[in-house]
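Okay, so here's the structure we're looking at.
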Amino acid sequence: MAPLIAPSLLAADFANLQRDTEMINQSDADWFHLDVMDGVFVPNISFGLPVIKAIGKHAKKPLDVHLMITKPDDYIDAFKAVGTDIYTVHFEACTHLHRTIQAIKAAGMQAGVAINPHTSVKLLEDIITDVDLVCVMSVNPGFGGQKFIPATYDKVKHLKQLIKDKGASAKIEVDGGVDKGNARQLVEAGADVLVAGSAVFASENPTGTIAALKACNSIEA
């Protein structure tokens, strides 16, 4: 099965966001991936509610919002109001993760949990049946354009087995350093959603790159 492709607008041209949004609309991409950073949980600041609201006016595909912030519970209703479809919080940022997941779902959004490269998949055993998505960070969060961490392949395999063992239905998303060189292996390991930023927006043909990522599992190695 072809993976879902979620281009990360962190790598887009911020002076031409409407243009890049329309490009994604017209491409084979499935979601918009939006990274929100607060300069506290990660050492960088990206964009927030006003920008996502503006993107949402033109986006014709689901908004997959990844909260790299310290208090994601405080903004659940606000992000729902600007059109968020999938609200992903970091395991490392949530003291009461079950409560957070329940609040996200009560607001009418799909609930995701992200884990940093050093966080073990085993820590998700008690929450895996409650979430719709697990975002596996394949770089340390905070900046785009980082080098992919190869240990991610085994991590995705272990997560896929956990989902199977628990009878869960969560999708596995991989975020960080994803490109045409590792997409096929990630999907074979069990990834359902591929987030690609620099690989898409730094390419000469972004829509062609998205199409290639989408077809990665159907092309002979």
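Coordinate-derived values only; no laboratory data. All figures in this text were calculated on a predicted structure; none of them were measured in a lab. Every residue, glycine as well, gets a Cβ built from its backbone with ideal geometry; the counts of neighbours run over all protein chains shown.
Side notes on the structure shown:
- Sorting the segments 104-110, 185-191 by their mean number of nearby beta carbons within 10 angstrom, highest to lowest, gives 185-191, 104-110.
- DSSP bridge pairs, the chain: antiparallel proportion in percent, nearest 5: 5 percent
- Phi to ³J(HN,Hα) by Karplus 6.51 cos²θ - 1.76 cosθ + 1.60 over the stretch 102-108, Hz, x for Gly, Pro: 5, 5, 4, 5, 5, 7, x
- The mean sequence distance of close C-alpha pairs (under 8 Å, at least 6 residues apart), as a share of the length of the chain, puts its relative contact order at 22 percent.
- Pairwise label distance in nanometres, residue 120 with residue 157, each label 7 Å out on the Cα-Cβ vector: 1.8 nm
- The helix-based estimate of mean residue ellipticity at 222 nm for the chain, built from -39,500 (n - 2.57) per DSSP H run of four or more residues and divided by its residue count, is -8500 deg cm²/dmol to the nearest 500.
- A Förster radius of 30 Å, combined with the Cβ-Cβ distance separating residue 146 from residue 205, puts the computed FRET efficiency at roughly 0.85.
- The label-point distance for residue 51 and residue 22, in a model that sets each label 7 Å from Cα toward Cβ, rounds to 2.1 nm.
- About its Cα centre, the dipole of the chain is roughly 140 debye, where the only charges are +1 on Lys and Arg Cβ and -1 on Asp and Glu Cβ.
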